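Written below as structure tokens is the structure these notes are about.
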Amino acid sequence: MRDENCIFCKIANGEIPSATIYEDETFRVILDLGPASKGHALILPKEHFKDLCEADPAVTAKILPLAGRIGRAMKEQLGADGFNVVQNNGGCAGQTVFHLHVHVIPRYEGGPSMVSWTPGKGTSEELAEIAEVIKQGL
Ligand code: 5GP
Ligand code: ZN
């Protein structure tokens, strides 16, 4: 299914041109227009899902293997030293385009810090309590 008002539906299905690095029947992988680093790519399913919660597991199951292939190519072809796989769900998590997508961000030694957070502290009691709550929804 497609959403007529969704820019990533149009890009994924080739209606709007993009710097495409990979395409098959399920995905188009493009370069991000505002790259965090050289080669920053976005894996776009051709089908419209708002986010990971709404996505078809048969589609999402193919994403990590593809991200691994892309990351390997970034290391071999661009000289990246590593890469991050990032996927945002919801505005508070940084999602700005509400068509499921996965960032593959090449990382270079000495490059800027990104995808990082300040670790908090959790007691084992607190963690056990939170674990019990989340479990109820699985
Ligand atoms: P989000 O913040 O939703 O996880 O990521 C959206 C990403 O899509 C951003 O990194 C942004 O630069 C990228 N983006 C937004 N619009 C376009 C576009 O029209 N073309 C391309 N190639 N990237 C886009
Ligand atoms: Zn869409």
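Worth pointing out:
- Per the conditions (1) more than 16 Å from ligand 1 (Cβ to nearest atom); (2) surrounded by fewer than 17 Cβ atoms within 10 Å (Cβ to Cβ); (3) over 16 Å from the mean Cα position of the chain (by Cα), the sole criterion not satisfied by ARG69 is (3).
- Beta carbons closer than 7 Å, at least 6 apart along the sequence or on distinct chains, pair a first residue in region 73-86 that is in a helix (DSSP H, G or I) with a second that is surrounded by fewer than 15 Cβ atoms within 10 Å (Cβ to Cβ) for LEU78/LYS38.
- Residue in region 109-119 that is under 16 Å from the mean Cα position of the chain (by Cα) and closer than 30 Å to THR26 by Cα present: yes
- Residues of region 87-103 satisfying the condition of being over 9 Å from the mean Cα position of the chain (by Cα), assigned to a loop (DSSP other than H, G, I, E, B) and free of Cβ contacts under 8 Å to residues at least 40 places away in the same chain: ASN89, GLY90, GLY94, THR96
- Where CYS92 falls short, out of the listed (1) hydrophobic (A, V, I, L, M, F, W, C); (2) within 27 Å of ALA41 (Cα to Cα); (3) surrounded by 11 or more Cβ atoms within 10 Å (Cβ to Cβ): (3)
- Looking only at region 1-34, residues that are free of Cβ contacts under 8 Å to residues at least 12 places away in the same chain and farther than 16 Å from ALA67 by Cα come to 8 in all.
- Within region 1-15, considering residues that are within 12 Å of ligand 1 (Cβ to nearest atom) and among the hydrophobic types (A, V, I, L, M, F, W, C), the one surrounded by the fewest Cβ atoms within 10 Å (Cβ to Cβ): ILE7
- Restricted to region 36-61, and to residues there that are more than 21 Å from ASP3 (Cβ to Cβ) and touching a residue at least 12 places away in the same chain (Cβ under 8 Å), the residue that is nearest to the chain's Cα centre (by Cα) is ALA41.
- Applying the condition of being more than 15 Å from ligand 2 (Cβ to nearest atom) and not in a loop (DSSP other than H, G, I, E, B) to region 30-52 and asking which residue is surrounded by the most Cβ atoms within 10 Å (Cβ to Cβ) yields ALA41.
Laboratory data are not the source of any read-out in this text; all were calculated from the coordinates shown. Keep in mind that what you see is a predicted model, and the values were worked out from it rather than measured. Neighbour counts run over all protein chains shown; Cβ positions are idealised from the backbone, glycine included.
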